[in-house]
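Q: Starting off with a structure, shown below.
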Amino acid sequence: MSASFRFTLELPGGLHARPASLLAALAGNAALPLTFCNERTGARCDCRSAMELLASDTRAGDACRIETAGDGAQALLQTVRELIEREWRPGREVTAASAGEGQRRLPRPWRTLEGAARFGTPVVPGVAVAPLWR
């Protein structure tokens, strides 16, 4: 038995790493295959791959569909629906407003830098190291 779940992506920034990884984790533990379809682009991808989900170029407002087939398809799609309704909604993303908490986790010398020496807005704890290009 095949089944599908249609929805409109409401994430203002489109489908990005965190929500894609949540769906990939759910799909990776599912007994049935899940396929994600972006109806705007025509992209179809395996939900177990966060990279494929990101490559679908799914933007806010895109019509989407998740398909599966087999015994237990409806129950699996209900679980997917609950994940999307709970986690893939506006306000669940890390925003610049909530990022202020991350500044307290910066190393002390970086917290005290002023002006042009400090740039960017931390959105997660940690430090990135890379060559600086201007």
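Q: Give all pairs with beta carbons closer than 9 Å in which a residue from segment 53-79 that is more than 10 Å from Ala3 (Cβ to Cβ) meets a residue that is crowded, with 17+ Cβ neighbours inside 10 Å and charged (D, E, K, R); count only pairs at least 6 apart in sequence or on separate chains.
A: Between residues of segment 53-79 that are more than 10 Å from Ala3 (Cβ to Cβ) and residues that are crowded, with 17+ Cβ neighbours inside 10 Å and charged (D, E, K, R), the close pairs are Ser56/Asp62.
Q: So for segment 91-104 (the condition being open to solvent by 70 Å² or more (accessible area, probe 1.4 Å), at pLDDT 95 or above and not in a helix (DSSP H, G or I)), does at least one residue qualify?
A: No, every residue in segment 91-104 fails to be open to solvent by 70 Å² or more (accessible area, probe 1.4 Å), at pLDDT 95 or above and not in a helix (DSSP H, G or I).
Q: Turning to a different aspect of this structure: Say we look at segment 4-14 and pick out the residues that are assigned to a strand (DSSP E or B) and in contact with a helix residue (DSSP H, G or I) (Cβ under 7 Å, 6 or more places away or on another chain); which of these is surrounded by the most Cβ atoms within 10 Å (Cβ to Cβ)?
A: Phe5
Q: Right, another one. Might you let me know whether segment 74-89 holds any residue that is modelled with pLDDT of 95 or more, assigned to a loop (DSSP other than H, G, I, E, B) and open to solvent by less than 30 Å² (accessible area, probe 1.4 Å)?
A: No: zero hits.
Q: Tell me which residues, restricted to segment 18-34, are in contact (Cβ under 8 Å) with a residue 60 or more places away in the chain and surrounded by fewer than 17 Cβ atoms within 10 Å (Cβ to Cβ).
A: If the condition is that a residue be in contact (Cβ under 8 Å) with a residue 60 or more places away in the chain and surrounded by fewer than 17 Cβ atoms within 10 Å (Cβ to Cβ), then Arg18 is the only one that fits.
To keep it simple, each residue is scored yes or no on (1) of a type in the set (A, V, I, L, M, F, W, C); (2) crowded, with 16+ Cβ neighbours inside 10 Å.
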| position | (1), (2) |
| --- | --- |
| Ser2 | no, no |
| His16 | no, no |
| Phe36 | yes, yes |
| Arg40 | no, no |
| Arg44 | no, no |
| Cys47 | yes, yes |
| Leu54 | yes, yes |
| Arg59 | no, no |
| Glu67 | no, yes |
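The values are calculated or read from the model by the stated rules, or taken from the named source; none is laboratory data. This one's a predicted model, so the numbers in the text were calculated from it and none came from an experiment. Don't worry about glycine lacking a Cβ; one is built from the backbone with ideal geometry, like all the others, and counts go over all protein chains shown. Heads up: the accessible areas ignore ligands, DNA and RNA and are worked out on the full protein's heavy atoms, side chains in. Shrake-Rupley method; radii C 1.70, N 1.55, O 1.52, S 1.80 Å.
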